[in-house]
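Trainee: My questions will all concern the structure given below.
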Amino acid sequence: MSSTEADSFARALSLEIAASELLRMRVLSVALGVLLVFLVAIFGLAGGAVQHLFIKPVPWWLPIAVLGPFLGYEVAAQLLLRARIARGKGMPVAARFANAAVETSLPTVILWSVSDHGGPSLAFSAWPSMLYFLFIVAATLRLEFVLPAFTGLVAAIEYLA
């Protein structure tokens, strides 16, 4: 294979990885949006029915404060990546690692919030602790060994913290 073919292959692979990242970000954005609407509805409309699970009252707006910044980040990251793809560029390696770190921090922030309002036993027995597993498994779709390992390391450090 000539160097021109190798460069062409590397560029095509980079664009495919970027397209895969974009799809993964879209799925995560939709999931975060649905979760946000669901939790606001639960705490806003039926808050009394779930408040007995918590040590202190959970305000209806708390899901917006916790999930909103992550949803905003995902939307902004999609816009930036879409612009890069339109210019024929892929996602830089440093940006992929930063994105993995930010996304893996979502379960940590949720756990801290649940722990603050419901105590550590509720936080670690609830569904958000399983998000670490989901993000690590999803990281394998990024087609690099180092990135899922990094995601697992970030998840382990944050879970222990």
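The values are calculated or read from the model by the stated rules, or taken from the named source; none is laboratory data. Nothing here was measured: the structure is a model prediction, and the numbers come from that model. Note that each Cβ is placed from the backbone with ideal geometry, even for glycine, and that neighbours are counted across all protein chains shown. Areas reflect the complete protein model, heavy atoms only, side chains present, ligands, DNA and RNA absent. Shrake-Rupley method; radii C 1.70, N 1.55, O 1.52, S 1.80 Å.
Trainee: Run Val137 past the list (1) touching a residue at least 60 places away in the same chain (Cβ under 8 Å); (2) of a type in the set (A, V, I, L, M); (3) out of contact with any Gly (no Cβ under 9 Å at 6 or more places or on another chain) and report the number of the one that doesn't hold.
Mentor: (1)
Trainee: Any residue in the stretch 60-77 that's free of Cβ contacts under 8 Å to residues at least 60 places away in the same chain: show its pairings with residues that are of a type in the set (Gly, Ala, Ser) and exposed (fewer than 14 other Cβ atoms within 10 Å of the Cβ) at Cβ separation under 7 Å, as long as the two are six or more apart or on different chains.
Mentor: Filtered contacts from the stretch 60-77: Trp60/Gly44.
Trainee: Given the conditions (1) more than 28 Å from Ala19 (Cβ to Cβ); (2) modelled with pLDDT of 85 or more; (3) surrounded by fewer than 15 Cβ atoms within 10 Å (Cβ to Cβ), which single one is not true for Ala149?
Mentor: Single failed check for Ala149: (1).
Trainee: Additional query: Yes or no: Leu13 aliphatic (A, V, I, L, M), surrounded by 12 or more Cβ atoms within 10 Å (Cβ to Cβ) and modelled with pLDDT under 85? Give the derivation first.
Mentor: On the way: aliphatic (A, V, I, L, M): yes; surrounded by 12 or more Cβ atoms within 10 Å (Cβ to Cβ): yes; modelled with pLDDT under 85: yes.
So Leu13 passes the test.
Trainee: Report yes if some residue within the stretch 18-41 is at pLDDT below 90, acidic (Asp, Glu) and either part of a helix (DSSP H, G or I) or on the phi < 0 side of the Ramachandran plot (or both); otherwise report no.
Mentor: Yes; the residues of the stretch 18-41 include at least one that is at pLDDT below 90, acidic (Asp, Glu) and either part of a helix (DSSP H, G or I) or on the phi < 0 side of the Ramachandran plot (or both).
Trainee: Sort out which residues of the stretch 97-112 are open to solvent by less than 20 Å² (accessible area, probe 1.4 Å) and over 12 Å from the mean Cα position of the chain (by Cα), and write them in order of number.
Mentor: Leu111
Trainee: Shifting gears a bit: Between Ser115, Ser129, Ser125, Ser121, which is over 14 Å from the mean Cα position of the chain (by Cα), of a type in the set (Ser, Thr, Tyr) and either closer than 17 Å to Leu28 by Cα or at pLDDT 90 or above (or both)?
Mentor: Ser115
Trainee: Checking Leu160 against (1) surrounded by fewer than 18 Cβ atoms within 10 Å (Cβ to Cβ); (2) under 22 Å from Arg26 (Cα atoms), which test does it fail?
Mentor: Evaluating Leu160 over (1) surrounded by fewer than 18 Cβ atoms within 10 Å (Cβ to Cβ); (2) under 22 Å from Arg26 (Cα atoms) leaves (2) as the failure.
Trainee: Got a number for residues in the stretch 79-94 being modelled with pLDDT of 90 or more, open to solvent by 20 Å² or more (accessible area, probe 1.4 Å) and part of a helix (DSSP H, G or I)?
Mentor: Number of matching residues: 8.
Trainee: Output the number of the condition that Trp61 fails; it satisfies all remaining conditions of (1) among the aromatic types (Phe, Trp, Tyr); (2) within 26 Å of Val154 (Cα to Cα); (3) open to solvent by 40 Å² or more (accessible area, probe 1.4 Å).
Mentor: Of (1) among the aromatic types (Phe, Trp, Tyr); (2) within 26 Å of Val154 (Cα to Cα); (3) open to solvent by 40 Å² or more (accessible area, probe 1.4 Å), only one is false for Trp61: (2).
Trainee: Among Gly47, Gly72, which is within 21 Å of Ala101 (Cβ to Cβ), out of contact with any helix residue (DSSP H, G or I) (no Cβ under 9 Å at 6 or more places or on another chain) and surrounded by fewer than 17 Cβ atoms within 10 Å (Cβ to Cβ)?
Mentor: Going through Gly47, Gly72 in turn, just one is within 21 Å of Ala101 (Cβ to Cβ), out of contact with any helix residue (DSSP H, G or I) (no Cβ under 9 Å at 6 or more places or on another chain) and surrounded by fewer than 17 Cβ atoms within 10 Å (Cβ to Cβ): Gly72.
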